[in-house]
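So the structure is just underneath, and the comments pick up after that.
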Amino acid sequence: MEKKIYITEEEREKCQKVAEAFAELYEMADIVIVDVGRYGFVMLKYYTPPHGFEEDETFTDSKALFEALWQEWLDMKLYLIAKGTPLLEKGYKGVFESLSEEKQSELIGRKTVFARMAGIGL
């Protein structure tokens with residue numbers, strides 16, 4: 001039986017760079033990116049013993065992986081800012097809009113930093 005390959009070697013290398021660029025995210029949240037060889041990369045989220053991870057998503061495109069990790073990073077930062085306050089009830093969009101323009105720019109500016117680290121063009 002022929003084994004199908006779902007990700008090119010070039011795209012696999014790009015995905016690896018993206019995964020490495022977001023290393024700080026893995027320290028903040030129950031999220032991990034796993035290289036699953038010919039299948040691409042899998043994002044595992046929300047670990048709960050003894051069941052394991054609650055969500056998973058497979059990526060074979062580095063830009064899609066980048067955008068997913070960027071959104072996870074931004075959401076986690078907004079959650080940490082609002083944790084323990086009534087702001088959290090507004091949702092991530094509400095939390096973001098309640099921040100100063102300077103803080104909003106600082107958070108959005110990190111996307112460029114991550115893109116540079118990952119070698120992704122925005």
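Here is how the numbers come out for the structure above:
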| read-out | value |
| --- | --- |
| Matching option when the condition is in contact with a Ser or Thr (Cβ under 6 Å, 6 or more places away or on another chain) and without any contact (Cβ under 8 Å) to a residue 24 or more places away in the chain, among Val42, Val18, Val36, Val32 | Val42 |
| Residue count for the range 73-89, restricted to those that are over 28 Å from Val18 (Cα atoms) and surrounded by fewer than 15 Cβ atoms within 10 Å (Cβ to Cβ) | 4 |
| When residues of the range 30-46 are limited to those that are surrounded by 14 or more Cβ atoms within 10 Å (Cβ to Cβ) and in contact with an Asp or Glu (Cβ under 7 Å, 6 or more places away or on another chain), the one farthest from Met76 (Cα to Cα) | Phe41 |
| Residues satisfying the stated conditions in the range 81-122, i.e. acidic (Asp, Glu) and either under 16 Å from Ala68 (Cα atoms) or modelled with pLDDT under 95 (or both) | Glu89 |
| Residue check, Arg116 part of a helix (DSSP H, G or I), touching a residue at least 12 places away in the same chain (Cβ under 8 Å) and under 30 Å from Glu9 (Cβ atoms) | no |
| Residue that is nearest to the chain's Cα centre (by Cα), among those in the range 1-53 that are over 17 Å from Ala118 (Cβ atoms) and among the aromatic types (Phe, Trp, Tyr) | Tyr46 |
| Qualifying residue in the range 90-112 (condition: among the aromatic types (Phe, Trp, Tyr) and under 12 Å from the mean Cα position of the chain (by Cα)) | no |
| Criterion violated by Gly40 - all others in (1) at pLDDT 95 or above; (2) at negative phi; (3) of a type in the set (Gly, Ala, Ser) satisfied | (2) |
| Options Glu27, Glu20: the member that is at pLDDT below 95, exposed (fewer than 13 other Cβ atoms within 10 Å of the Cβ) and closer than 22 Å to Trp73 by Cα | Glu27 |
| Condition broken by Lys103, with the remaining ones in (1) assigned to a helix (DSSP H, G or I); (2) surrounded by 14 or more Cβ atoms within 10 Å (Cβ to Cβ) satisfied | (2) |
| Near pairs, Cβ below 6 angstrom, 6+ apart or cross-chain, from the range 51-66 (more than 16 Å from Val32 (Cα to Cα) and surrounded by fewer than 17 Cβ atoms within 10 Å (Cβ to Cβ)) to any residue that is at pLDDT 95 or above and among the aromatic types (Phe, Trp, Tyr) | none |
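The values are calculated or read from the model by the stated rules, or taken from the named source; none is laboratory data. Here the structure is a predicted model, which is why all the values come from computation and not from measurement. Cβ atoms come from the backbone with ideal geometry, glycine included; neighbour counts cover every protein chain shown.
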